[in-house]
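Working notes, beginning with the structure itself.
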Amino acid sequence: MVVAAVFGSHLLDLLTPSRLIVVAVLFTLASFIVDFTWKPRYSKSLPRVGCGVDFVGTLKNWALFVTRYDAWFSEGYEKYSKHGRSFVVPAAPARPQEIVVPRSQIPWMLELPDRVLSTKEAHRDALHNDYQFFGVDDQFPIQTIHKHLARNIIGLIPGVQEEIQAAIDDVFGKDTEWKTMNLWEAWLGIVPRVTNRIIVGAPLCRNKEFLACQVAFADDVVRNSILLDLFPRVFKPLVAPPLVAVTNWLHWRKGYLLAKPLLESRLEAFARKEAGDPAYLDWQPPEDMVTWLIRQALAEGLHHELTPEMLSKRILPVEFAAIHTTVMTGFNLTVDLLHADPSLDVLGAIREETSRVLAEEDCPGAWSKQGLARLHRTDSAIKESMRLSTFARGLTHRKVVAPEGVTNTTEGWHAPYGASLTIDMHGIHHDPDIYPDPDRYDPWRFSRQREAIEAQAREAAARGEEVDLDELMRAARLGMVTTSPDYLPFSHGRHACPGRFFVAHELKLILAYLVQNYEFKPLVERPKFVWFGSNMMPPVKTTIEVRRRKGTV
């Protein structure tokens, strides 16, 4: 005992503050060196942008990542991508450098099988899934959306329209006098509520405390992804669970307790119906994400999915993806509309189109899938905003998971296991060779072509001539839900966003109700957006002037 006490006292004498600081610095430096040695090495034939590939150059890249990432991409796009060449761009400290594949090679990249290039693993790394989503990945919810969302979208429209109108009335009010509103907060008041109408249904989608938890969780994921990207790999188990991602758990737990009665009730109803309970033979579940997850788990015999806790965790990736991206898209859309060329009268044109088509619907005042599909100018105005106002350099990422790596068939370079591949969406969307005058918001950029093709078809039919069906198909592909190597907000290929069809309907419904019932003052100056690493940070303090249109109250 005496020896132990003496040894403990001597150890405490050694652990002076200055020595602890030295040990911490040396451990941190060693961690970055180890992390550097673990990262994949790329072919020397691949050109680089940034400060170099040795350890000193890598440290400089890490230090400049937040402020220089966008500039590196722009430099690489002009020097290499536009000429059909891939290049390597620096990444955050925790991430491997990225190989940016040019537009001409997008089909090669996206057609490779998942056993070679994995979307799932790329998302898992980018979002630090093990810490932020408690190890529950997004594959089961994605599969469920693929199987159930499209087939139910017609039946979802009436409820979504109802929720949108109620949410907008609550957020914007019915005052016919001009008032100032925070634009970011306005979209946060609409999107989470509408999104949860198809995730958990009414009335929980109107529970402000529950919605606040979902928004806070989405914010946690964005913030913590940035923070965890700054730590070397060996640090993450030390800092993520107890310090960084603890907010994720707290917000999930609070939201889970609020949703638990609904989840338990739905699970019990399914179980009793399946067991042949006479009281539930005629029971039909509401069509929402909770129902689809239960139905899919039963179909696949995944009984471990059928607990309230697991269901609440399965909806987290959907909440994050739908809330974060749609609020940003809606915010950017409003800025683009209110800063558009006044001579175009964009809001007036959308008001005319939406009012006219709505009046022609079979059920007055109720939108249908067919009616929303006829909103060519509204669709074009939204699509053009998504092209112009990107909120990330790229949204399409792949991780090399084949042990042998992958070899590019065009240029011959080899990417080893663990390498990261991406596409420069922002560069493509702002390339004047693809989009004339690319930095200008042209709301009818896509509808002009569509309207011209359909007008020609009507004229041909009136003359009794054969209609060019290929041209009509080309017109249909100009809508915002159709992805291509030139248009990537929803990514492209077989892993394109499965929820994009719902998002398109949601944004059209929101915009139609806004322009029909509210007036907005134009924005004289466009708010300043700032790049932070790979993401565009919105000016969340932006305000707009709005009032209810007289005669619509």
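We did not get these values from a lab; they are worked out from the coordinates using the rules stated. Please read these numbers as outputs of a predicted model, since none were measured by experiment. Heads up, the Cβs are rebuilt from the backbone with ideal geometry, glycines too, and the neighbour counts pull from every protein chain shown.
Numbers for the structure displayed
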read-out: Segment 110-162 shape via C-alpha gyration tensor axes, a/c threshold 1.5; value: oblate
read-out: Sequence-distant residues sharing a close amide H with A392 (under 5 Å, placed H); value: M536
read-out: Cut-off 15 Å between beta-carbons: net charge of the residues surrounding N207, Lys and Arg +1, Asp and Glu -1; value: +1
read-out: Amide hydrogen neighbours beyond the local backbone of F532, cut-off 5 Å, H modeled; value: M537
read-out: Spatially proximal lysines relative to K254 (Cα-Cα < 18 Å; intrachain offsets below 8 disregarded); value: K208, K313
read-out: Peptide ranges 521-528, 194-201, 138-145, 533-540 listed from the most packed, as the mean C-beta count within 10 angstrom indicates; value: 194-201, 138-145, 533-540, 521-528
read-out: Rounded, prolate or oblate (a/c below 1.5 giving rounded, otherwise prolate when a/b exceeds b/c) for segment 114-199 by Cα gyration tensor; value: oblate
read-out: Cβ-placed point charges (K, R +1; D, E -1), dipole of the chain about Cα centre in debye, nearest 20; value: 1080
read-out: Gap separating the Cα centres of segment 447-515 and segment 312-390, nearest whole Å; value: 13
read-out: Karplus-derived HN-Hα couplings along segment 173-190 (A = 6.51, B = -1.76, C = 1.60, θ = phi - 60°), whole Hz, x at Gly and Pro; value: x, 10, 6, 7, 9, 4, 9, 9, 10, 7, 5, 5, 5, 4, 5, 5, x, 9
read-out: Calculated from backbone phi, Karplus (6.51, -1.76, 1.60) coupling profile of segment 402-410 in Hz, x at Gly/Pro; value: 5, x, 7, x, 9, 10, 6, 6, 8
read-out: Angle between the chain longest axis and helix 346-359 axis [Cα atoms, degrees, rounded to 10]; value: 60
read-out: Theoretical ellipticity at 222 nm over the chain - DSSP helices of four or more residues, -39500 (n - 2.57) apiece, nearest 500; value: -18000 deg cm²/dmol
read-out: Overall form of segment 419-553 per C-alpha gyration tensor (a/c, 1.5; a/b vs b/c); value: oblate
read-out: Pair D282, E352: separation of 7 Å Cα→Cβ label points (nm); value: 5.1
read-out: ³J(HN,Hα), Karplus 6.51/-1.76/1.60, whole Hz, each residue of segment 438-454, x for Gly, Pro; value: x, 8, 9, 7, 10, x, 9, 3, 9, 6, 4, 5, 5, 5, 5, 5, 5
read-out: Ranked packing of 274-280, 370-376, most packed first, by mean Cβ within 10 Å; value: 370-376, 274-280
read-out: Contact order normalised by residue count of the chain, Cα under 8 Å, 6+ apart, percent; value: 22
read-out: Built amide H within the under 5 Å cut-off of F87, gap 5+; value: V100
read-out: Partner aspartates and glutamates for K236 [C-alpha distance under 19 Å; skip if fewer than 8 residues away on the same chain]; value: D35, E121, D125, D130, D137, D220
read-out: Cβ-based charge dipole, the chain, positive-most Cα from L243, V89, A297; value: L243
read-out: Sequence ranges 243-254, 454-465, ranked by mean other-Cβ count within 10 angstrom, highest first; value: 243-254, 454-465
read-out: Check: segment 496-553 dipole with +1 on Lys, Arg Cβ and -1 on Asp, Glu Cβ, in debye; value: 180
